[in-house]
Ligand code: UN1
C-alpha cells in the first residue's frame, strides 16, 4: 500500500496516523494511505511559509509565470493518470475527471499569464507635483481549505492565483480526497517551486482546518465547502481581521418556459441536476417549469433520467458515478424519504447494489413540489432535483429568488425578452441562458450572492482582489 505524507518546506513529512483513501465505487479498492497531521503540522507549515515569504514576494513575474506554466503543462501531460486517480478517489466519471484535470491545467496556465499582467494605477494627485500610485502586493501567507467534489480543480484555482501574485500557501485538502491534492503538491515540487512557498497539510478539518483559520501568521483564508463551516470561518476571520473568501452551498433554480426548446431544456436539466452525481454547488436542484410545457417536460426528463447508466466511473459507458461516501449517501436517501412525504410523486432516487460494493444511487426526480418544502430549501448535494410548476415568468422569477442561496441560476427560453428579464432580476452570482447551471469557464469570475458566497470573487482577473492588498503611494517630485 502506497503511503503519502504532507509537503512542508519542500520535504515530505510523516506524522504517522495513516488513513485509507477509499474508492466509493468499490470499497475494496484502497487508493493509498495518507498520514494526517494536526495543529502542530500547521505550525510547521506556516513556519516554512514564513521563511519563504520574503523571497517569493520578491520573485520576478517571469519566475512565477514559469513555475505556473510548468505546472499547467505537467498536469496536462499526466491527464490520463490523474483523471483515473480522480475518478477512483471521488467517483465522477473518467470523462468528467479528465475534464477536471484539464481545467486545473488551464487554470495554472491562465494565472501564469496573470502573473505578468498584475497592473497598478498611476493618477495625478489633486495637489501640485504629486503622483499617486496604486499598487497591489501579496497578502503574505494564505490558507486554502478545499472540498472533495472538485479535488484537483478547486485546489488549482485557489493555489494558482495565490502563487501568481506572490503569496505562500498552506493548503488543507478535503480528507475524503487527499490523493489529487498530493499529486498537485508533487507537481509543484517537481516543477521547482521553492521550499515553503507551497505547503500541503493533510488532516481533518476540525484540527488542521481550524488551526489554519486561527493561525496569527495567516493573512487570508479561502474556503469552499459547507454553509455551517463557512459561517464559523467567517466569524473567526472577522474577529482576527483576516481576509476571507467563502464559496458555500447552492439551491440553484433552472426555469423552463413554455417557449423553451424541449430537448435543449431536458439536456440542460439532465446535465445540471445529475451529472457529477449532483455533487456540484452549481447543480440545478429546483426545476421551475411553466404550466404549458410542464407535463411534457417531466415526461421527457424522467425518461432521460431513468435511462442514465449509473456505475463504475472507469467504465466508459457509465454516465453517473457513485455518491462520494456512505454518510453522503445516507443523507441523500433521507431527503428521498422526506420527498416521499412532501412531493406528489418521487421517481427513482433509490440505493443501487451493483457488482462492486459502493455508494450507488439512482438519480431522483421529485414532481409536484412547492418552494416551501424542505427538499426545496435545503441543499441535498446528491443526484436529486425537484420540479415546481409555475404560471408565468413573474412567478418563476419570484420562486427562483425565494431561497437563502444565490450561486447560479438558469433559464431555458426562446424569448429574448424573458431571458433579459430573468438575467436582470435573478439574485445569483452566475446566470445561464439555455445552458446548465453548472459547468463554468476557468477565465471569468466565479461566485455567488446571499448565503452562497462571501468576499471577493474567485477566478479570472477578479482573483487578484482577494490574493493581493492595495497600497496607495504619494510621491512628491517637486
Ligand atoms: C462548475 O460548475 O463547473 O463546489 C464548478 C462546486 C463549485 C464548482 C462548480 N465550487 O461545485
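The values are calculated or read from the model by the stated rules, or taken from the named source; none is laboratory data. Worth saying up front: this structure is predicted, and the values here are computed from it rather than measured. Heads up, the Cβs are rebuilt from the backbone with ideal geometry, glycines too, and the neighbour counts pull from every protein chain shown.
Considering only residues that are crowded, with 24+ Cβ neighbours inside 10 Å and away from the ligand (no atom under 16 Å from the Cβ), which ones fall in segment 139-164?
Residues satisfying the conditions are 141, 142, 143, 162, 163, 164.
Taking segment 389-429, which residues are more than 23 Å from residue 365 (Cα to Cα), within 16 Å of the ligand (Cβ to nearest atom) and surrounded by 23 or more Cβ atoms within 10 Å (Cβ to Cβ)?
Within segment 389-429, just 428 meets the criteria.
Among the numbered criteria (1) within 16 Å of the ligand (Cβ to nearest atom); (2) over 18 Å from residue 218 (Cβ atoms), which single criterion is violated by residue 171?
(2)
Working only within segment 235-256, note down all residues that are in a helix (DSSP H, G or I) and either in contact with a strand residue (DSSP E or B) (Cβ under 6 Å, 6 or more places away or on another chain) or not assigned by TED's automatic domain parsing to the domain that holds residue 149 (or both).
237
What about residue 300, is it within 14 Å of the ligand (Cβ to nearest atom) and touching a helix residue (DSSP H, G or I) at 6+ places or on another chain (Cβ under 7 Å)?
no
Would it be correct to say that residue 277 is surrounded by 24 or more Cβ atoms within 10 Å (Cβ to Cβ) and over 30 Å from residue 70 (Cα atoms)?
Taking the combined requirement at face value, the residue satisfies it.
Being assigned to a helix (DSSP H, G or I) and buried (at least 17 other Cβ atoms within 10 Å of the Cβ) is the filter here, so list the residues in segment 190-213 that pass it.
205, 207, 208, 209, 210, 211, 212, 213
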